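What follows is calculated from the coordinates using simple rules that are stated; it is not laboratory data. Not measured: the values here are computed from a predicted model. All Cβ positions, glycine included, derive from the backbone under ideal geometry; neighbour counts span all protein chains shown.
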Amino acid sequence: MLGIGLIFAALAAALHVAIFVMESFTWTSPRTRRVFGLRPEQAEATEEMAFNQGFYNLFLAVVTVIGLILAALGLFYPGVALMLAGTGSMLAAALVLFFSAPAKRRAAVTQGALPLIAVVCTAAAIV
């Protein structure tokens with residue numbers, strides 16, 4: 001179970017790096033606007049907010065990856081703690097989106113599925 005949790009944590013981190021790139025660097029591009037369902041004027045009006053939000057996603061990915069690296073280097077408990085902090089925060093953010101924006105539930109499930117699997121499998125393995 002632990003191996004599965006760590007793999008899904010790495011996948012969740014990769015997804016959040018991709019979200020960081022879209023939100024912080026390609027927010028107004030046609031492709032990113034399609035992904036987020038935005039009209040050009042909406043993307044322009046929210047570009048500064050998205051830039052900032054993108055970095056939140058990057059920081060969650062960085063915490064998760066540092067945890068994975070520490071666990072791989074033999075610092076198992078600090079590594080798992082950081083990995084769970086990162087993926088748990090990703091999952092919490094997805095739940096906030098799911099319950100606060102019914103129209104964005106598909107995005108919330110996409111954003112939260114990988115960290116959910118990582119958290120559940122890792123927690124089951126260390127209990």
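Couple of notes before you dig in:
- Close amide-amide hydrogen proximity is noted between Leu75 and no other residue 5 or more places distant or on a separate chain, at a cut-off under 5 Å (H modeled in the peptide plane; Pro and chain starts excluded).
- Working note: Karplus 6.51/-1.76/1.60 with θ = phi - 60° gives the stretch 118-127 the couplings 4, 5, 5, 5, 5, 4, 5, 6, 9, 7 Hz, where Gly and Pro are set to x.
- Estimated [θ] at 222 nm from DSSP helical runs (n ≥ 4, -39500 (n - 2.57)) normalised by residues in the chain, nearest 500: -30000 deg cm²/dmol
- Order of Thr122, Thr64 - criterion: other Cβ atoms within 10 Å of each residue's Cβ, fewest first: Thr122, Thr64
- If you take the alpha carbon atoms of the stretch 38-113 and fit the smallest convex hull around them, that volume is 91 Å³ per residue.
- Rounded tilt (10° steps) of 76-100 against the dominant C-alpha axis of the chain: 30 degrees
- Binned Cα-Cα distances of the chain, short to long, each 10 Å bin given as a whole percent: 14, 41, 29, 13, 3
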